[in-house]
Amino acid sequence: MKQFFTVLKFELNNYFKNKSFLVTTILLTLLAIGVIVVPGIFMGGKDTEDKESGHQVKTLAILDRQAQIEDLDQLEEMMGQDIQWKKCSDDGEVRNLVENQTADAGFIVEDMLHYTYVVENSSMRDNTEAALQQALAALYRGEQLKSRGINVQEMESLYQILPESTMEILGKDSVKNYAYTYLLIMILYFLLIFYGQMISVSVTTEKSNRAIEILVTSVDSNSLIFGKVLAGAIAGIIQCVLILGSAVISYQLFRESWNYRLDFLFQIPAGVWAAFAFFGLLGYLLYAFFFGMLGALVSKTEDISKTSMPITMIYMASFFIAIFGMNSSNGILMKAASFVPFTSSNAMLIRVSMGSVELWEIILSGGLLAASCVIAGILAAKIFRFGTLMYGNPVKFTSALKYMREK
């Protein structure tokens, strides 16, 4: 146990003294705070409400060739926007106003069913044309109904009648919980891929400079591999807590300024946090042990990517199962994946957050994942001791297993 703590302390010092680790942690923490705080300072609660309500005055140029639009104020009301109209006499005037940025956009209306929308640069968030299209269509329908002797107001009142309903959710609100569940899955993905590769590089570097020969002869291989893996886990947790925690705390302080618009992302229930911490940590340890043992099977850092590709592909499969399974958190795929150790860290988190899951399922899944971590750790220690003393071409994982069975 003393050797384990010695290795753990040494590896943690390597992380915390690493300039890239420190700089990355500080910059990402400051970025997370800035993304929340800076908009919160400039927006303010009242201004945010105005923007959210769409109460931004737009200046629109319009040419009505046949003078079919009798009341521009009525058209503005039907479009549901605050508009300052600029009437034009010809096409060129509309285009000049838009080009000179005197008007945000312009319309050349041939008749109720034909028009040209003039804009300097198109935008995916521009809803002005769609609003005018609906308004002109409503005016056209009104004229056609009026010409047929049908009361327009009565017809519109009939169209506005909708069934009244309420939704009663007995389980989880999957739509509401989707955003923060996706965020947590992405955090697990980056933590595992980044720190898994770092563990492999650490092992291979020590092997390439022959330092590992001294270590494995003086320190128990179990202490070495467990110390390296747990040090990576602790460093990752600290980095994750600093970055994600700073964003959550910043939002809580500026929540009112944001007009509570990011609640869907940061208001995460305690049960989901617990599942994220438990299954995320065990899932990380499981894969980290494999990254550590595979790093011991190569002598050069450039061979790490090729050797670790199988375990990386397994996790990628787990990741994509989780992403696609979020659309059906109670489906058979997610239920099966939540009991397979290689996929349960993501799948069970999604089921806890978005679906229905029994307590016994959580206990069974967690127990299987924990047992798999122990088995992976024991296997990693044995292959680690064997692989670190093998030099030359990368040793295949199957060859290492075969050698150990023979021994």
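The values are calculated or read from the model by the stated rules, or taken from the named source; none is laboratory data. This one's a predicted model, so the numbers in the text were calculated from it and none came from an experiment. Cβ: placed from backbone, ideal geometry, glycine included. Neighbour counts: every protein chain shown. SASA here: full protein model, heavy atoms, side chains in, ligands and nucleic acids out. Shrake-Rupley method; radii C 1.70, N 1.55, O 1.52, S 1.80 Å.
Roughly how far apart, in whole Å, are the Cα centres of segment 324-375 and segment 58-93?
Comparing the Cα centres of segment 324-375 and segment 58-93, I get a distance of 57 Å.
Counting heavy atoms of the protein chains only and a 1.4 Å probe, report the per residue accessible area for segment 266-373 as a whole number of Å².
Values: 4260 Å² over 108 residues.
Computed with neighbouring chains in place, this is 39 Å² per residue.
Please give, to one decimal in nm, the separation of the simple spin-label points placed at LYS9 and ARG65, each 7 Å out from Cα toward the Cβ.
With each label point 7 Å from Cα toward Cβ, the separation is 8.6 nm.
Whole-Hz ³J(HN,Hα) for each residue in segment 340-349, computed from phi via Karplus 6.51 cos²θ - 1.76 cosθ + 1.60 with θ = phi - 60°, x for glycine and proline: what do you get?
Rounded to whole hertz, the list is 9, x, 6, 10, 5, 4, 7, 5, 5, 4.
May I ask which residue of ILE304, MET326, ASN346 lies farthest towards the positive end of the charge dipole of segment 233-380, with charges of +1 (Lys, Arg) and -1 (Asp, Glu) on Cβ and the Cα centre as origin?
Value computed over the given set: ILE304.
Between TRP273 and LEU30, what is the label-point separation in nm under the 7 Å Cα-to-beta-carbon projection?
With each label placed 7 Å out from Cα toward Cβ, I get 2.7 nm.
Taking θ = phi - 60°, what integer Hz values does the Karplus form 6.51 cos²θ - 1.76 cosθ + 1.60 yield along segment 88-97, in sequence order, with x for Gly and Pro?
Taking θ as phi minus 60°, the curve returns 10, 9, 8, 4, x, 5, 4, 5, 5, 4 Hz for segment 88-97.
How big is the charge dipole of segment 300-389 about its Cα centre, in debye rounded to the nearest 20, if each Lys and Arg gets +1 on its Cβ and each Asp and Glu gets -1 on its Cβ?
On the way: 6 positive and 4 negative charges, 45 e Å.
Using only the charged Cβ atoms, the result is roughly 220 debye.
Through the Karplus equation 6.51 cos²θ - 1.76 cosθ + 1.60, θ set to phi - 60°, convert the phi angles of segment 238-246 into ³J(HN,Hα) values in whole Hz; use x for Gly and Pro.
Karplus-based 3J(HN,Hα) across segment 238-246 equals 4, 5, 5, 5, 5, 6, 5, x, 5 Hz.
Give, in nm to one decimal, the length gained when the segment between LYS87 and LEU368 is fully stretched (0.36 nm per residue of separation minus the Cα-Cα distance).
Extending this stretch completely gives an extra 94.0 nm.
Could you tell me the calculated FRET efficiency between VAL241 and ASP73, based on Cβ-Cβ distance and R0 = 56 angstrom, to the nearest 0.05?
Working: r = 55 Å, r/R0 = 0.99.
E(calc), rounded to 0.05, equals 0.50.
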